1. Is it the case, given these coordinates, that residue A:135 is farther than 25 Å from residue A:797 by Cβ, within 12 Å of another protein chain (Cβ to nearest Cβ) and open to solvent by 10 Å² or more (accessible area, probe 1.4 Å)?
2. Quick check: anything in the range A:39-54 among the aromatic types (Phe, Trp, Tyr), under 21 Å from residue A:959 (Cβ atoms) and open to solvent by 10 Å² or more (accessible area, probe 1.4 Å)?
3. Could you check the range A:573-603 and list, in sequence order, the residues that are in a loop (DSSP other than H, G, I, E, B), over 20 Å from the mean Cα position of the chain (by Cα) and more than 22 Å from residue A:711 (Cα to Cα)?
4. Can you tell me how many residues within the range C:116-131 are buried (at least 24 other Cβ atoms within 10 Å of the Cβ) and part of a loop (DSSP other than H, G, I, E, B)?
5. Please specify each residue of the range C:132-153 satisfying the condition of being in contact with an Asp or Glu (Cβ under 9 Å, 6 or more places away or on another chain), in a helix (DSSP H, G or I) and of a type in the set (A, V, I, L, M).
6. Kindly indicate which of A:369, A:428 is touching a residue at least 12 places away in the same chain (Cβ under 8 Å) and part of a loop (DSSP other than H, G, I, E, B).
7. So residue A:34 ticks every box in (1) part of a loop (DSSP other than H, G, I, E, B); (2) under 26 Å from residue A:695 (Cα atoms) but one. Which box is left unticked?
8. Would you point out which residue out of C:178, C:162, C:115, C:153 is within 14 Å of chain B (Cβ to nearest Cβ) and either at negative phi or within 16 Å of ligand 2 (Cβ to nearest atom) (or both)?
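The values are calculated or read from the model by the stated rules, or taken from the named source; none is laboratory data. All of these numbers come straight from a predicted model, not from anything done at the bench. For neighbour counting, all protein chains shown are included, and Cβ atoms are generated from backbone atoms with ideal geometry for every residue, glycine included. These area figures cover heavy atoms from the full protein model, side chains too; ligands, DNA and RNA do not enter into them. Shrake-Rupley method; radii C 1.70, N 1.55, O 1.52, S 1.80 Å.
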Amino acid sequence: MTAPGKDQEDRSGRIETKNTTCYMCACRCGIRVTLRDGEVRYIEGNPDHPLNKGVICAKGASGIMKQYSPARLTQPLKRKAGAERGDNAFESISWDEAFAIMEKRLAKIRGTDPKKFALFTGRDQMQALTGLFAKQFGTPNYAAHGGFCSVNMAAGMIYTIGGSFWEFGGPDLDRAKLFVMLGTAEDHHSNPMKIAIAKFKRNGGKFISINPVRTGYSAIADEWIPIRPGTDGALLLALNNEIIKQGLYDRDFVVQYSNGAELVNLDEKNSEFGMFVRAEVPIEEGCFDPENKLWWDRNQNKAVVTHTAGCDPRLMGEFELEDGTPVKPSFQMLVDRLKEYTPEWAEGITGIPAETIRRLAHEMGVTARDQKIELPIAWTDIWGKDHETITGNPVAFHAMRGLAAHSNGFHSIRALSILMTLLGTIDRPGGFRHKAPFPRPIPPCAKTPDHPSAIQPNTPLDGMALGWPAEPDDLFVDDDNKPVRIDKAFSWEYPLSVHGLMHNVITNAWRGDPYKIDTLLIFMANMAWNSSMNTSEVRKMLNDKDENGEFKIPYIIVCDAFQSEMVAYADLVLPDTTYLERHDVMSMLDRPISEFDGPVDAVRIPVLPPTGECKPFQEVLIEMGSRLKLPAFVDKEGVRKFRDYPDFVTNYETEPGSGIGFLAGWRGKGGEKFMRGEPNPNQWKMYEENNCVYHYELPKSFQYMRNWNKGYLEWAQRHRLTRYAEPINIHIYSEVLQHFRLAAQGKTTGKQPPDHLRKRIETYFDPLPFYYEPLEVQTTDKNKYPLSAVTQRPMAMYHSWDSQNAWLRQIHTYNHLYMSPTLGKQGGFNDGDWVWVESQWGKVKCMCRFSEAVEPGTVWTWNAIGKASGAWSLEPKADESRKGFLLNHLISEELPADASGFRFSNSDPVTGQAGWYDVRVRVYKAEKKGDDVSLPQFDAIAPVPGQQNKRVKWQAYFAGRKKGA
Amino acid sequence: MHPAFSVIFLTTLIGVGQGLFLAIYTGEVYGTLDLLPAQSHNFYVTGSMLALIFLVAGLVASFFHLGHPERAWRSASQWRTSWLSREVIVLPAVIGAILVYGLVHLLGLKLTLFGFNTGLDNDLSLILGSGGTLVTFLLFLCTGMIYACIKFLKEWASPLTVINYTLLGLASGFLLAAALAAILAPALVQFYVVWTIIITISGLVTRIASLVRNARLKPQSNLKTAIGIRHGKIQQRSQGQMGGSFNTREFFHGAPDWFFRNIKWVFLVLVFVVPVILISLAMGNSGFLILVVAFVTQYIGLIAERWFFFAQANHPQNLYYQTVG
Amino acid sequence: MSQLALVIDLNVCVGCHACVTSCKEWNTSGVAGALSDDRPYGEQPTGTFFNRVQTFEVGEYPNTETVHFPKSCLHCEDPPCVPVCPTGASYKREEDGIVLVDYDKCIGCKYCSWACPYGAREIDEHQKVMKKCTLCVDRIYDQNLPEAERKPACVLACPTSARLFGDVHDPESVVSKAIREEGGYQLMPEWGTQPANHYLPRRKTRIQIHMDELVRADNPLKKEGPTVKPGLDEPSLDDVTSW
Ligand SMILES: Nc1nc2c(c(=O)[nH]1)N[C@H]1C(S)=C(S)[C@@H](COP(=O)(O)OP(=O)(O)OC[C@H]3O[C@@H](n4cnc5c(=O)[nH]c(N)nc54)[C@H](O)[C@@H]3O)O[C@H]1N2
Ligand SMILES: Nc1nc2c(c(=O)[nH]1)N[C@H]1C(S)=C(S)[C@@H](COP(=O)(O)OP(=O)(O)OC[C@H]3O[C@@H](n4cnc5c(=O)[nH]c(N)nc54)[C@H](O)[C@@H]3O)O[C@H]1N2
Ligand code: SF4
Ligand code: SF4
Ligand code: SF4
Ligand code: SF4
Ligand code: SF4
Ligand SMILES: [Mo]
């Protein structure tokens, strides 16, 4: 130790600085890692990175403690013979043995019934590779975390505006004047969101947060609107109602850029009832939305083909076509729908005074209307019309899981997308902006197979494992209309489950419904803890055996970097590297880190060698792909094509000669091309020299109105971001949903739902958004369970994986249940007391904390702070397990059985989005016992071989030189 | 504040030492003035020794408070501004003075050695003792001021802190002197006992005064000024860390509520009531045992008193550390 | 004389703790390091941090403000922690006003911490010396760093740029301007410590809509009324009266 005041950082030791990309969360900031004598001295935000511009977050700055955590797995492990799953009893094995085990097992499955291999991945960001592997293997049973995360957000918006929040788009806070944030605590876009909000506030914008809880971002909102959980749909519908009633919508925008003026067939006897009337215009077939619909021209007072030059279509009214067909513009249908959704009605549901709802609508509408932005940027629309300027209405929204994680979220988010559309804020300055590769056609092109015949032994899957159904015939069901996928995605139960339903995989596999699988490979997901609902039961299922004493889920492989709760349930454990030790890509084929102004992708380049025997999962997949001779990984002779993952990334093309690969930057022999071009042997080098990021800035005239921007759409087509350069009109009225409804009503010729699902499809596939109570709430005795229970992400912790971090866990060591003090008064308990929180599914004992910053009908806690005893290399008595708790024990992955005894997933009936925030609870005082600990408790598990399990009393990290402890 | 036992022992032990020295020196002065029978050197030597033992024990205890005792010497450097530094200088001076004083008695040294003849047997020790008295009082002042000068701790920031500390040190020292006298100078017992009672009762008065004062204290800082937000209802939701920090360990007593509430009565009884009753009994006869019991009781009481002194002090920094969340 | 300081904007701080851990990582391997952690994987983990972010709730539901409140040493202009230090280990630098501890002189008596009303000092329980925010004195003058990065670690980290850094004695500095223009204030002014660090209060933006702004000539609803004209042969006054 030297005395400070010498002013200079001690530069002794060998100092190196390397750029890479953070992965302490999915935000993926650019970081600069400084090493001293080969150890991490510090990690800082890379000032030259477009995403985070030099800032870093609490997690990112704690990367040192992640890298050197004692919870690191360092050797491949095999469950000890005779040990139960969950015991965490392993012996270490060599990689050779691990590969041999997997090869034998997987080759056999692939040669017989590939769907018996299921690959599900959690908070990863390499779906380009994992998805490719699954497809090549031939299994449909693949998905990432999206289904339990925020698929409602993706689907609700993409099926409406062709893009979405999440990684695909966001609020343009540089230019917005009013910013409304709903149900967001931390978001995927952590650092950029923080940068943007602060700037927005400094520029004098008004920030409104709609959230039952006031923490984090909501804390600095100019106005906080507490709302009852699960009721945003009602609020948004009422806002739409008031906006239209006052004439505050952007008529030109709605007319030109949405299907609001398109005429809907209202002839009930017609099989096209509720569909748009088609005009006879020659239309090229494709997965876009063809322009063969009609408007009602107010000048000529007759129907004309949409976007006919010089016509002024009506948005409201009722008309009759020449053949007598009654029609209405879909906007009129929206108006009709919204009639009952008055602010007074919404007040009763949301708890927000009608006056406030009206005022909000007026603030939004008047700001949008009167503070128009006009940028001197000329552009041409897809219909060929030149525009002198880009205009925008400066009202921006952002929403995340507070809307998404409810079983009525899809329709709430549709209502939000429509509100944004009415205000004229889609891909315009000051509103919502897309990020490449969005916008995409509604729905996007990718489709899953529609029949089990797509699955054949030793053959890649014929189609994508995940896709975007446009009509019932796109569903992935068998001849009996039954699900083909283990998670029942794309079945009649959850037709638009575009991200799968990972939260049901274990339960379904355990039950053998729709069939039994053999091997479950879980990568980077803690399914024995926080990414499972009904966690206690799921843990039992993972270890459950049939009459013959065989595991119901025969084989479980887990690839993790840490000793998580899930690892304990594995038969085979693959120790992954950390983000500082591996190559990675943030690919345009997955979810890149694009900016509003153009595509951005990024890479990770190791700054440290792997610890112990750790091996990047990417390398495992390349190795396995080669061993199993999956076509993408071997040449015609069956010889391995790629040396390793970096080699794969450099040379892989989606199709031979396609010029499309994992990375978009510096393609072509000498790196002179982008997006598309031959493999460049020096591509990694070029990323390395450029802060590990490739940022293509679109010409200004391509940066806005991209759904209809000729320049952009053609650019995207040329660079193969999309196949079609067709307009992407906003679906205020969703024909896709109506199509499903018609099928449910038996009015179509294609696939139709089984009878017991007809009613459900008919109800929830409403072409216009509507409000209903979340499904679980509908099945709950609300007198008995009057409170909503939700979780939030703390900014300084990532899911369950940061308790192994000695610095971060000091900030969140355990969690309380936050609630209004009125609950304590009613229940006779005090701040800090132990309470029971009970849902219809079970109960959890925890400590309460009173708060004035929570809607009184809601209780909440930080997500996944509580841990199972002994996991994460924590001492068995660590506060995480003794005082912390996991709310997931109270949340069921399935709804109560319906009349026929059938149990649906606890999910949105349209998208299969997990209904995390629908659970209803009651809270009551826990009688005092001597040694109070949270309940349920689980038997402590011991460290695994290869884990540094010395229990240090204290430590003092000093990079490179002397060590404490 | 968190009561640190090293500091409790430091302050109580040196208090006894200082008080004891002052007691025997007072006895000597009285003797010189013929108000009391003069005593043998033995009494003064033993008394000084005993005082030194207490002082050195206190000094040793203080080292336990330091993270780096090997650097303790550095702490004498800031006497211009720091009462702690001053204490660090004065404490050895007191030890030195008492040591010399004791040596003078041990060797029977007189001023005649230096060519002066005062006709007094103990002229040299009288002069040195008066110097010792000065530094001893200075030490009381320094030690007291270490606490009293911290304006943020309003319970301490009062002359009463110095006065109480001085009186309690004196009381315990005089009481120990009485016990010592019971063996070596029975004639002085009565004298010491009376003074002990007087000082103890004065201490009681000033200690109660400080209790009353402290009970009436209005904190100068509150959450409004601490975070700069003017609002009647502010509550901390999180202090930023959950497993505690230096700020939650050093500035909170951490004892159960009932303990804190009762300790005040405990020390009032042990420091004041019991000793006064016991020594009143001892007044007539030279009850060594009673006096020792009284001293021990009072000393235990003083430890409780110091504990309470710390625990009661409410540091404004605590405003920032109220809620784990 | 200059006085370097942080100005913390409570109007934008979202309580993310980036400043907390970036401070820890910078300092643990720097001149102040290593900053120890006790029971890092056990019960009640605790450690030495120079900066903490706290949360306060102001008001009652539904009129609640949640305030995230970062706090580190405020580098008082009249720092009470300095004169009490018996060793001179605590000192305030003449040239830039930074209050520092010389770890080689500190005896770990903790006395200075008693004299800080803000709870800004922390003993390192293993090195046994008092530590606190150094204002990253080992960064801000480091000529090896690009000029733009010669700022405290926490300032560079903060995603909302809620932490401004500069010389509060220079009226033209960003910090002085912010204090002047945004109503910057000091903590516990009652003690006269004159903290150099300042805080900027919450500022509210409101939108005022007058009912008459809702009605405008170009209200699109006007376009949606029926334009169907009655037929010429439908009855009208023309047929029944004559003037
Ligand atoms: N630091 C950190 N960052 C993360 C993560 C992490 O674990 N830690 N996780 C990442 C992941 S995977 C995801 S999915 C994102 C999620 O990012 P967010 O969507 O921001 O995450 P949640 O914490 O689920 O936030 C939900 C918010 O919605 C509120 N809410 C709940 N129900 C309702 C409701 O009915 N209506 C409204 N209006 N609000 C409601 C809750 O109070 C909470 O504030 O964050 C990502 N970023
Ligand atoms: N109650 C409740 N539960 C929720 C939510 C909620 O809001 N409330 N949110 C849900 C949402 S949105 C999500 S996305 C899920 C997230 O749930 P999960 O995806 O399960 O996320 P984690 O729990 O962090 O688990 C990720 C696993 O990856 C491991 N890991 C970390 N780094 C690496 C690495 O580099 N390589 C490998 N191989 N493994 C690594 C971690 O150790 C951990 O075991 O949680 C869901 N669960
Ligand atoms: S936001 Fe996420 S990616 Fe960015 S620094 Fe923090 S942890 Fe890393
Ligand atoms: S904040 Fe505390 S430690 Fe910092 S200078 Fe002021 S008094 Fe000293
Ligand atoms: S702890 Fe160190 S810096 Fe503080 S007063 Fe004591 S010697 Fe000075
Ligand atoms: S200025 Fe440096 S030492 Fe002080 S809080 Fe910030 S990072 Fe920590
Ligand atoms: S880094 Fe900035 S926003 Fe985050 S807690 Fe610190 S001051 Fe607040
Ligand atoms: Mo998520």
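1. On the way: farther than 25 Å from residue A:797 by Cβ: yes; within 12 Å of another protein chain (Cβ to nearest Cβ): no; open to solvent by 10 Å² or more (accessible area, probe 1.4 Å): yes.
For residue A:135, the condition - farther than 25 Å from residue A:797 by Cβ, within 12 Å of another protein chain (Cβ to nearest Cβ) and open to solvent by 10 Å² or more (accessible area, probe 1.4 Å) - is not met.
2. Step one: of the range A:39-54, the residues among the aromatic types (Phe, Trp, Tyr) are A:42.
This time we only want the ones that are under 21 Å from residue A:959 (Cβ atoms), so: A:42.
Okay, now just the ones that are also open to solvent by 10 Å² or more (accessible area, probe 1.4 Å), so A:42.
Taking every residue of the range A:39-54 in turn, at least one turns out to be among the aromatic types (Phe, Trp, Tyr), under 21 Å from residue A:959 (Cβ atoms) and open to solvent by 10 Å² or more (accessible area, probe 1.4 Å).
3. First, the residues of the range A:573-603 that are in a loop (DSSP other than H, G, I, E, B): A:576-583, A:587-594, A:596-597, A:599.
The next check asks that each one be over 20 Å from the mean Cα position of the chain (by Cα); those that pass are A:576-583, A:597.
Within the range A:573-603, A:576, A:577, A:578, A:579, A:580, A:581, A:582, A:583 meet the criteria.
4. The qualifying residues number 6.
5. C:137, C:140, C:153
6. On the way: A:369 fails: part of a loop (DSSP other than H, G, I, E, B).
None of the other options fit; the residue is A:428.
7. The failed condition is (1).
8. From the options C:178, C:162, C:115, C:153, the qualifying one is C:115.
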